[in-house]
1. Please pick out the residue among 36, 90, 86 that is in contact (Cβ under 8 Å) with a residue 60 or more places away in the chain and out of contact with any helix residue (DSSP H, G or I) (no Cβ under 8 Å at 6 or more places or on another chain).
2. Restricting to the range 103-121, name every residue that is more than 14 Å from the chain's Cα centre (by Cα), in a helix (DSSP H, G or I) and more than 15 Å from residue 49 (Cβ to Cβ).
3. Take the residues of the range 26-40 that are under 22 Å from residue 116 (Cα atoms) and surrounded by 17 or more Cβ atoms within 10 Å (Cβ to Cβ): which is farthest from the chain's Cα centre (by Cα)?
4. Return the residue satisfying two criteria in turn: it lies in the range 120-135 and is closer than 18 Å to residue 102 by Cβ and out of contact with any strand residue (DSSP E or B) (no Cβ under 9 Å at 6 or more places or on another chain), and of such residues it is surrounded by the most Cβ atoms within 10 Å (Cβ to Cβ).
5. Conditions first: (1) part of a loop (DSSP other than H, G, I, E, B); (2) surrounded by 15 or more Cβ atoms within 10 Å (Cβ to Cβ); (3) without any contact (Cβ under 8 Å) to a residue 60 or more places away in the chain. Residue 80 passes all but one, so which condition is the exception?
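Any read-out appearing in this document is the output of simple, stated calculations on the displayed coordinates, not a laboratory observation. The structure displayed is predicted, hence computed values, not measured ones. Positions of Cβ are generated from backbone atoms using ideal geometry, with glycine treated the same way; all protein chains shown enter the neighbour counts.
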């Protein structure tokens, strides 16, 4: 279960030949994202378990899940953009049904992230799913 936006990322990754180009694409996605206002970069929105500073701000409007995020590391900001493509716009009831590990594996991210980055992505996914489950 992937959004159309995530499918576009998968298609782009298929087109790119090597992981250096794919990393550059992820970083460019992060650069294209709006940053969070510093007022949102507070302990309540900070994601524990990430080596970098990461903040996620969820919003549920009319049963549709969305979140915004930011990080002090460009690659991590790009990973936030990938997760936003995976989750944003889904009905909140469907957020927990997304097999993020499988979807990220489909584009090869599981095999090309360091252990620390993988732990951080897992922590972000857990935060997203727990917020959606509590709604």
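1. Numbers: 36 fails: in contact (Cβ under 8 Å) with a residue 60 or more places away in the chain; 86 fails: out of contact with any helix residue (DSSP H, G or I) (no Cβ under 8 Å at 6 or more places or on another chain).
Within the list 36, 90, 86, the selection yields 90.
2. Just the residues of the range 103-121 that are more than 14 Å from the chain's Cα centre (by Cα), to begin with: 106, 108, 111-112, 114-116.
Next, from what is left, pick out any that are in a helix (DSSP H, G or I): 106, 111-112, 115-116.
Within the range 103-121, 106, 111, 112 qualify.
3. Pass one, the range 26-40, residues under 22 Å from residue 116 (Cα atoms): 26-31.
Imposing the further condition that a residue be surrounded by 17 or more Cβ atoms within 10 Å (Cβ to Cβ) reduces the set to 26-27, 29-30.
On the way: 26: 11, 27: 12, 29: 11, 30: 10 Å.
Result: 27.
4. 121
5. Unmet for residue 80, out of (1) part of a loop (DSSP other than H, G, I, E, B); (2) surrounded by 15 or more Cβ atoms within 10 Å (Cβ to Cβ); (3) without any contact (Cβ under 8 Å) to a residue 60 or more places away in the chain: (1).
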